[in-house]
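To start, the structure itself, in structure tokens.
The values are calculated or read from the model by the stated rules, or taken from the named source; none is laboratory data. Small disclaimer: the values here were computed from a predicted structure and weren't measured. In this analysis, Cβ positions are derived from the backbone assuming ideal geometry, glycine residues included, and neighbour counts consider all displayed protein chains. Ligands, DNA and RNA are stripped out before the accessible areas are found, and what is left, the full protein with its side chains, is counted by its heavy atoms. Shrake-Rupley method; radii C 1.70, N 1.55, O 1.52, S 1.80 Å.
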2 protein chains.
Amino acid sequence: LSTAVATLAKRYICGENLSEATKSIEKLRRDRFAFTMDLLGEAVISEVEAGEYLNRYIAMMEDLSGKAKAWGLIDQIDKADGEELKRVQVSVKLSAFYSQFDPLDPVKTTEKVSEPARILLRKAQALGCGIHFDMEQYEFKSLTLQILKQVLMEPEFRDRTDVGITLQGYLRDSEQDLCDLVEWTKLRGKPVTVRLVKGAYWDRETIRSYQQGWALPVFSDKVSTDANYERLIQILLENHQYLYAAIGSHNARSLAKAIAIVQTLNIPSRAFETQCLYGMGDKFAKAIADMGYRVRVYCPFGDLIPGMSYLIRRLLENTANSSFLRISGEGVDVGKLIAAPAMTERDANYNGAPALNIFDGFVNSSDRDYAINEERETTQTALQQVRRQLGKTYLPIINGQAVQTDNYVESVNPANSSQVVGKIGLASIEQAESAVQVAKNAFSSWKKLSAKERGDILRKAADIMEEKREELVAWICWEVAKPIREGDGEVSEAIDFCRYYAKEMERLESGVQRNLPGEDNTYIYQPRGVVVVISPWNFPFAIALGMSVAAIAAGNTVILKPAEQSSVIGAKIAEVLQVAGLPTGVFTYLPAKGSTVGSHLVKHPDVHLIAFTGSQQVGCQIVTEASILRPKQKHMKRVIAEMGGKNGIIIDESADLDQAVVGVMNSAFGFAGQKCSACSRAIVLAPVYDNFLERLVEATRSLKVGEAHLPDTKFSAVIDGAAQQNI
Amino acid sequence: LSTAVATLAKRYICGENLSEATKSIEKLRRDRFAFTMDLLGEAVISEVEAGEYLNRYIAMMEDLSGKAKAWGLIDQIDKADGEELKRVQVSVKLSAFYSQFDPLDPVKTTEKVSEPARILLRKAQALGCGIHFDMEQYEFKSLTLQILKQVLMEPEFRDRTDVGITLQGYLRDSEQDLCDLVEWTKLRGKPVTVRLVKGAYWDRETIRSYQQGWALPVFSDKVSTDANYERLIQILLENHQYLYAAIGSHNARSLAKAIAIVQTLNIPSRAFETQCLYGMGDKFAKAIADMGYRVRVYCPFGDLIPGMSYLIRRLLENTANSSFLRISGEGVDVGKLIAAPAMTERDANYNGAPALNIFDGFVNSSDRDYAINEERETTQTALQQVRRQLGKTYLPIINGQAVQTDNYVESVNPANSSQVVGKIGLASIEQAESAVQVAKNAFSSWKKLSAKERGDILRKAADIMEEKREELVAWICWEVAKPIREGDGEVSEAIDFCRYYAKEMERLESGVQRNLPGEDNTYIYQPRGVVVVISPWNFPFAIALGMSVAAIAAGNTVILKPAEQSSVIGAKIAEVLQVAGLPTGVFTYLPAKGSTVGSHLVKHPDVHLIAFTGSQQVGCQIVTEASILRPKQKHMKRVIAEMGGKNGIIIDESADLDQAVVGVMNSAFGFAGQKCSACSRAIVLAPVYDNFLERLVEATRSLKVGEAHLPDTKFSAVIDGAAQQNI
């Protein structure tokens, strides 16, 4: 580590180990500052790490409470209104108690998190320590508050007043959350502390909203946060008989405002303290302590590398254009600096519209946000509704008509093979022949429509899919055992394909001008004719639909032969396109045996293009078969074959292993590792190899294996018996 | 025809037929204007049309000279210094006497053009008419002057003073041309008339220069032309004892300048007249006639459709921003309007640098301009030099070494099959195998160079080809019987390929960034490996080289198997690339049998890409063979197969048939119709069908068939006996 970083670290981190940290806090106490300890560490990404996290906190409390016995009583920080306060306080993250903390699965998460919380609360009481619960990303906020309220309402903990909860002023929800807490403590009967901070993950929350196309949980402007924060201070202090206030800020204006209210309302000492971060805002802290108020310093300690992200947040905070600490050092007019903050217009008027995930003018469809109760419930309802529809029969649809077949196959839920998802009628060669004629006939009129006209139908299909999203996710979940969140992403991708291809074709339709003196040249794209789409079961919806609508948008007509294992989802695609108003014959749903009917289609002289995604063996066969010019065939066929991948991820020694381990794990084991894009090799440099490997193994071991429709399932069954044999 | 066009036509065209025209000129004579008759008509694109052109002029002279007998003598226009002038004068285009008028072939052109000129001169004398020779495009100017001087120096015509020649003031050459004419008439002993015009094809000449990348023959600025024009007037009038002056302008300043000189130098009446176009500058013409000078009106007559281009030139002239007639009607300050013109700086300083044919920043290589004597002669010299080198032996070059072969084949000149162009050593399968290993080895280092480093070698190759252009054209001419001009174009194309691919690869190398919030994505292109190029004989140089350097620029290594019929040219490509410094092994010259060695290469598991141009049959075979994944092959092969075309040209009823006929003819019969891009169908709308067909047949019949190296050959032998059988 360079000296510069080490110097910085020393400033903001109170020690690399407990013994260094002890010196720092003893010094703080000598200066009449209280403290709360935060153990810096890696992200908790496995159950082993979750267990370690708890144990390290227990060990820390045991150590510090022992040392505390030697500390003399300092009235200003150790007593309040006659009550003796806990000299040792620790700050913990609830989400670190369970590596699979997930709002999609509130039941299991609550169960897994509550028990360590209870253990910690008991231990703290036995050792005479206080516990403060931190808050991090917005995604976990609601569930965290819910779990804490639940645990702290249990008879064993209902009397505890040495416990704290954190609220973040930059969240639009925070006022409601505070009011809810007031009502909750009224019910509970005993106060807890609310630490009021502004929030340290503004960039992350904002970027994530834009990435996902979700509503912005935070205020867009710092001044709005400041205004909201003052409002929260007011509410909190006005309710001092129900909640103790810990005002965590380095903004002199915010702090002054709090003290003014304290003085006005004559708030008792137990119900008010200020907090600051170790190494930041020291002068303000001293001034406030000199006024006789209790000031608590948030003291992170631990190894530098895992502490780096904490360090970076502090640096960003100190250097942000909107930071009080930064501005106050620059000789800005004091009147301006301490002017009352007012919410900006865009923040005041924000109606919760989702941030737009726009790239090159294209708006991506948004995945569901399962941190929102309603969205979670809609998904569960759809899963049950679709479950009741399992077992129907699906026939080939040629020229808009379902046709009877001689042969059938059952599609079963891979995670529960006794559950028949659908009975599939397999088309014969004669039926395939008639499908080609239908597609050929439909081509003559379909190609004549403008890209706009064709695109409007696909955009309509996209809208239908948005409406039926949960139902489609459920079908994917039941038929190929794809976990909910991944099925949801697949539907988003399918929607994007419709809108993107429609838009691109409108762009391409206008052609390209390449004029020279004396020459006018226009290059245009023309549709080719009948396209056979042979789709895989691993993205049964997005790839089957995407390959089809690409061809359709361009003016071709399509025969879709889905993978046998996902033929029901193929039928759902046919339904969507039919409801969207696609003319009869432009899209043919043709479930069939690949080895006979698929092969016949590939060889057919009237087929112009084969779009295939699947195995290398079949793909190469198709390439070869399609390359042979057959009698009566007047064109060369085109093959788009996307076959297996062998994707590597390189992890170098500077990688953030918290992210690298999770990234590799998600890539390798998402949908049980059955994606062509799955990471199949991690190339890890020696200095981090052992650590990476150990953490990856433990993190992967922590993934729940189960039926795909269950919200805690991260890894479900592979597609069929043959796949299972292959593992 | 709309009324507006008809009205315009009536203004600028003196009649649709001779009887209407006669009324117009008799009216002009009554107003004391002399005339010269121009017969509007289609471009002369066949020998039938050339013959008709001559006959129509003879008929016109016979008719008018008969009518002239009834015209009374008008002193001002029919007499000068006591000499009686020809009352009937016609203006003819020398180039219209021969449909294949071509500066590349001055001998045959002179021969073909001189005889009709003589016939016309004799006939004119017999009928008592004057003849004036017009001038059109710059390309024909020098040869036209040369032929006229030659004919008018013949004893039979040396005394004739009733003949005129035209010079165009916008040409940079014009002063020199005028001085040459003065010297020539001194020698001749009798004066001819020089009609001095400014020139009516400025746009065409300028655009053509940019298209071809040739020096600009015209002044860039109108004011420079005006300045030059006044200088020419001065020179012409100062030499009035040798040349009669006909000042053809509608610019009052230019005319006034001429009259001032006439008055100053006291020029005799015979040696000076002014000319104007029918329907233009009437007021000036009348004013000058009123001053007693002879004014001659240039009177076009004939059908409107073929006269349209004349009409359009007149409209452009009347509406151009720089036109005197246009400006003078707009109330511009008279002082400014008649200020002495001065050559602009860019015209004064122009050093003859070629105009740049730039597209998207890319400068195209320029074809040779065969209107320039020197370039014509260099080509002829090269043809003879190369002829002396015919008959050598060319062996495969593997790893930089020529290797002996068991089998040989002779490459002969298709236009003269007894002429052996080269003896070709045909590689064996074992040699092909070693070529693949060499290419594979070379790939590992070649791909590591930057696009700039690879591109520099190709740019060097381009420079070498520019230097050796005539030699390369000669090889193409001898080996595949491609006429000179087309071979020259092929070398330009090859040069462009080198420079273009080098440049494009530099652009592509930087990759494309497609970043999203939270993602940094870079797409890059990677070379594939060993590329087999199987090239055709119809563009033996450009396509073989182009397909090779595309692959080379991208970082691949190449094995070129040229068509057997053009293997010597393949060896020339190897020479160029070797001299340019291409590392050994990056390019392998491998003449061989396609059916055995070619096929072996296509199937080879170490070959990544096959670039083929040739027949559909072979192309489809390659596509099929390459699609089969062979043992030890770890990649899918790519095939780029450019096969036969079936290209149509649509001629609608508004087409300019002069251009449509020539365009179709050149496209269909260029290189004896052996190009894949050849027009193989003309789709002609009924209203113009008969006329188009008749003219196309005659125009094509007028193409000279012969050995490719002869300058008058437009259509040479097809490639071999088999091709001949196919016709």
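Is it true that some residue in segment A:536-549 is free of Cβ contacts under 8 Å to residues at least 12 places away in the same chain, within 26 Å of A:Val568 (Cα to Cα) and out of contact with any Ser or Thr (no Cβ under 9 Å at 6 or more places or on another chain)?
no
Checking the conditions here, which among A:Glu479, A:Glu506, A:Glu467 is in contact with a helix residue (DSSP H, G or I) (Cβ under 6 Å, 6 or more places away or on another chain), within 30 Å of A:Glu377 (Cα to Cα) and either of a type outside the set (Phe, Trp, Tyr) or modelled with pLDDT of 95 or more (or both)?
Unique residue meeting the criteria: A:Glu479.
Would you mind stating whether B:Thr379 is assigned to a loop (DSSP other than H, G, I, E, B), more than 14 Å from chain A (Cβ to nearest Cβ), open to solvent by less than 50 Å² (accessible area, probe 1.4 Å) and among the β-branched types (Val, Ile, Thr)?
So B:Thr379 fails the test.
Quick one: B:Asp456 ticks every box in (1) open to solvent by less than 20 Å² (accessible area, probe 1.4 Å); (2) in a helix (DSSP H, G or I) bar one, so which box is it?
Evaluating B:Asp456 over (1) open to solvent by less than 20 Å² (accessible area, probe 1.4 Å); (2) in a helix (DSSP H, G or I) leaves (1) as the failure.
For the structure I just gave you, tell me whether B:Thr344 is open to solvent by less than 50 Å² (accessible area, probe 1.4 Å), modelled with pLDDT of 75 or more and among the β-branched types (Val, Ile, Thr).
For B:Thr344, the condition - open to solvent by less than 50 Å² (accessible area, probe 1.4 Å), modelled with pLDDT of 75 or more and among the β-branched types (Val, Ile, Thr) - is met.
With respect to the numbered conditions (1) closer than 30 Å to A:Asn266 by Cβ; (2) buried (at least 19 other Cβ atoms within 10 Å of the Cβ), which one is the sole condition not fulfilled by A:Gly82?
Exception for A:Gly82: condition (2).
Can you pull out every residue in segment B:239-250 that is polar (S, T, N, Q) and either assigned to a helix (DSSP H, G or I) or surrounded by fewer than 23 Cβ atoms within 10 Å (Cβ to Cβ) (or both)?
Those that are polar (S, T, N, Q) and either assigned to a helix (DSSP H, G or I) or surrounded by fewer than 23 Cβ atoms within 10 Å (Cβ to Cβ) (or both): B:Asn239, B:Gln241.
For segment A:513-536, what are the residues that are at pLDDT 95 or above and open to solvent by less than 60 Å² (accessible area, probe 1.4 Å)?
Selection gives A:Pro527, A:Gly529, A:Val530, A:Val531, A:Val532, A:Val533, A:Ile534, A:Ser535, A:Pro536.
Looking at B:Asn364, B:Asn373 in this structure, which one is within 14 Å of chain A (Cβ to nearest Cβ) and either under 30 Å from B:Val530 (Cα atoms) or under 39 Å from the mean Cα position of the chain (by Cα) (or both)?
None of the others qualify; the one that does is B:Asn364.
Looking at segment A:658-684 only, could you name the residues that are small (Gly, Ala, Ser) and within 14 Å of chain B (Cβ to nearest Cβ)?
A:Gly663, A:Ser667, A:Ser677, listed by residue number.
Filter segment A:473-512 for residues that are under 30 Å from A:Ile719 (Cβ atoms), more than 19 Å from the chain's Cα centre (by Cα) and of a type in the set (Ser, Thr, Tyr); which is most open to solvent (accessible area, probe 1.4 Å)?
This residue is A:Tyr500.
State whether one or more residues within segment A:213-224 are on the phi > 0 side of the Ramachandran plot and either touching a residue at least 12 places away in the same chain (Cβ under 8 Å) or touching a Cys at 6+ places or on another chain (Cβ under 8 Å) (or both).
Scanning segment A:213-224 turns up at least one residue that is on the phi > 0 side of the Ramachandran plot and either touching a residue at least 12 places away in the same chain (Cβ under 8 Å) or touching a Cys at 6+ places or on another chain (Cβ under 8 Å) (or both).
For segment A:183-212: of the residues being in a helix (DSSP H, G or I), in contact (Cβ under 8 Å) with a residue 40 or more places away in the chain and away from every other protein chain (no Cβ under 14 Å), which is farthest from A:Met135 (Cα to Cα)?
Among those residues, the one meeting the criterion is A:Lys186.
Go through (1) under 29 Å from the mean Cα position of the chain (by Cα); (2) of a type in the set (A, V, I, L, M, F, W, C); (3) within 30 Å of B:Lys286 (Cβ to Cβ) and name the single condition B:Val163 misses.
(1)
Quickly run through segment B:107-133 and pick out the residues that are surrounded by fewer than 21 Cβ atoms within 10 Å (Cβ to Cβ) and under 22 Å from the mean Cα position of the chain (by Cα).
Within segment B:107-133, B:Val107, B:Lys108, B:Thr110, B:Glu111, B:Lys112 meet the criteria.
Find all pairs meeting these conditions: Cβ atoms under 9 angstrom apart; at least six residues apart or on different chains; first residue within segment A:440-454 and without any contact (Cβ under 8 Å) to a residue 60 or more places away in the chain and within 12 Å of A:Val531 (Cβ to Cβ); second residue open to solvent by 90 Å² or more (accessible area, probe 1.4 Å) and assigned to a loop (DSSP other than H, G, I, E, B).
From residues that are without any contact (Cβ under 8 Å) to a residue 60 or more places away in the chain and within 12 Å of A:Val531 (Cβ to Cβ), there are no pairs.
Name the pairs whose Cβ atoms lie under 9 Å apart, with the first residue in segment A:634-657 and within 30 Å of B:Gln617 (Cα to Cα) and within 14 Å of chain B (Cβ to nearest Cβ), the second buried (at least 16 other Cβ atoms within 10 Å of the Cβ) and hydroxyl-bearing (Ser, Thr, Tyr), and 6 or more positions between them or separate chains?
A:Met636/A:Ser627; A:Lys637/A:Ser627; A:Val639/A:Ser627; A:Val639/B:Ser627; A:Ile640/A:Thr613; A:Ala641/A:Thr613; A:Glu642/A:Thr613; A:Met643/A:Thr613
I'm trying to understand the selection: among the residues of segment A:35-71, which are in contact with a Ser or Thr (Cβ under 7 Å, 6 or more places away or on another chain), in contact (Cβ under 8 Å) with a residue 60 or more places away in the chain and open to solvent by 30 Å² or more (accessible area, probe 1.4 Å)?
A:Glu47, the sole residue that qualifies.
Failed condition for B:Lys112, given (1) farther than 30 Å from B:Glu374 by Cα; (2) touching a Phe, Trp or Tyr at 6+ places or on another chain (Cβ under 8 Å), with all others met?
Failed condition: (1).
Scanning segment A:604-630 for residues that are facing chain B (nearest Cβ under 8 Å) and touching a residue at least 24 places away in the same chain (Cβ under 8 Å), which turns out surrounded by the most Cβ atoms within 10 Å (Cβ to Cβ)?
A:Ala626
Can you find even one residue in segment A:160-180 that is acidic (Asp, Glu), more than 30 Å from A:Asp658 (Cβ to Cβ) and either in contact with a Lys or Arg (Cβ under 8 Å, 6 or more places away or on another chain) or outside the structural domain of A:Tyr57 (by TED's automatic domain parsing) (or both)?
The answer is yes; a qualifying residue exists.
Among the residues of segment A:417-432 satisfying the criterion of being open to solvent by 10 Å² or more (accessible area, probe 1.4 Å) and in contact with a Phe, Trp or Tyr (Cβ under 9 Å, 6 or more places away or on another chain), which is nearest to A:Ala474 (Cα to Cα)?
A:Gln419
Given (1) surrounded by fewer than 16 Cβ atoms within 10 Å (Cβ to Cβ); (2) within 30 Å of A:Phe359 (Cα to Cα), where does B:Glu467 come up short, assuming only one miss?
(2)
Take the residues in segment B:85-106 that are part of a helix (DSSP H, G or I) and within 24 Å of B:Ala21 (Cβ to Cβ), then tell me which one is most open to solvent (accessible area, probe 1.4 Å).
B:Ser95
What residue, of B:Asn407, B:Asn399, B:Asn413, B:Asn441, is modelled with pLDDT of 95 or more and at positive phi?
Of the residues listed, the single one that is modelled with pLDDT of 95 or more and at positive phi is B:Asn399.
Could you list, in sequence order, all residues of segment B:204-260 that are among the hydrophobic types (A, V, I, L, M, F, W, C) and closer than 30 Å to B:Ser366 by Cα?
Listed by number, the residues that qualify are B:Ile207, B:Trp214, B:Ala215, B:Leu216, B:Val218, B:Phe219, B:Val223.
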